[in-house]
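Some notes on the structure that comes next.
The values are calculated or read from the model by the stated rules, or taken from the named source; none is laboratory data. Because the structure is a prediction, the values reported are computed rather than measured. Reconstructed Cβ throughout: ideal geometry from the backbone, glycine too, with neighbour counts over all protein chains shown. To get the accessible areas, we keep the full protein, side chains included, count just its heavy atoms, and leave off ligands, DNA and RNA. Shrake-Rupley method; radii C 1.70, N 1.55, O 1.52, S 1.80 Å.
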Amino acid sequence: MLIRDYKDLVVWQKAMDLVVEVYSLAKKLPKEETFVLSDQLRRAAVSIPSNIAEGNSRSSTKDYIRFLFIARGSTAEIETQLQICVRVNYFADSDIDSALNLCAELGKMLNVLIAKLTKRVEGN
């Protein structure tokens, strides 16, 4: 498959799927969490495909890698926030399984992409 821009990247497409999943979960949080966990979850989710897109659109591979690291950090942020939701009894473990699986998959995909781009930068 020819990759013309970031929208062709499977990692970006999966990140968009996670956004949808997180927004669905955030809607189920209590109203008092609208400006705390709900907002944080949505921001972290949106930042993943946004950083993949922005990094891909940068002029240097080093910049791209930096944005991919930020995206990877946001996956860990979402995982943590979802675990908080379980610990404070907003969700059951089963409620967040799909989102956590997407986070794990995205983390692996981002690691592979970062490694490939790093090899390119280092000339290996």
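Taking amide H positions as placed in the peptide plane 1.01 Å from N, state which residues far from residue 36 in sequence (5 or more) or on other chains have amide H under 5 Å from it.
none
Hey, what do the phi angles of the stretch 23-28 turn into as Karplus ³J(HN,Hα) couplings, whole Hz, using 6.51/-1.76/1.60 and θ = phi - 60°, x for Gly and Pro?
Going residue by residue, I get 4, 4, 5, 4, 5, 8 Hz, with x marking Gly and Pro.
Rounded to the nearest 0.05, what FRET efficiency do residue 101 and residue 39 give with R0 = 25 Å and r taken as the Cβ-Cβ distance? Could you check? Display every interim value, and only then the final one.
Working: r = 23 Å, r/R0 = 0.93.
The calculated FRET efficiency here is 0.60.
Which residues in the stretch 83-124 place their backbone N less than 18 Å from a point set 7 Å from the Cα of residue 69 along the Cα-to-Cβ direction?
Only 107-123 pass the distance filter.
Taking all protein chains as present, what is the carbon and sulfur share of the accessible area of the stretch 1-117, in % to the nearest whole number, probe 1.4 Å? Write down the numbers at each step before the final one.
Numbers: 3500 of 6560 Å².
Ligands and nucleic acids excluded, carbon and sulfur give 53 percent.
How far is it, in nm, from the label point at residue 116 to the one at residue 31 when both lie 7 Å from their Cα along the line to the Cβ?
4.8
Expected output is a single nm value to one decimal: the length gained when fully extending between residue 5 and residue 89, i.e. 0.36 nm times separation in residues minus the C-alpha distance. What is it? Before the final figure, lay out each step's value.
Numbers: separation 84, 0.36 × 84 = 30.24 nm, distance 4.08 nm.
Working it through step by step, the gained length comes to 26.2 nm.
Just to confirm, what accessible area per residue do you get for the chain at 1.4 Å probe, in whole Å²?
59
Using the per-residue mean of other Cβ atoms lying within 10 Å as a proxy for protection, in what order, highest first, do the peptides 37-46, 7-16 fall? List each step's numbers first, then the result.
On the way: 37-46: 19.6, 7-16: 17.4.
Output ranking for 37-46, 7-16: 37-46, 7-16.
At 1.4 Å probe size, with no ligands or nucleic acids counted, give the accessible surface of residue 61 in Å², nearest ten.
Approximately 40 Å² for this residue.
What's the lysine pair count for the chain at a Cα cut-off below 26 Å, pairs eight or more apart or interchain?
Eligible lysine pairs with Cα atoms under 26 Å apart amount to 15.
Ranked highest first by the average count of other Cβ atoms within 10 Å around their residues, in what order do 83-92, 99-108 fall? Working shown, then result.
Working: 83-92: 14.0, 99-108: 18.4.
Highest mean packing first, the order is 99-108, 83-92.
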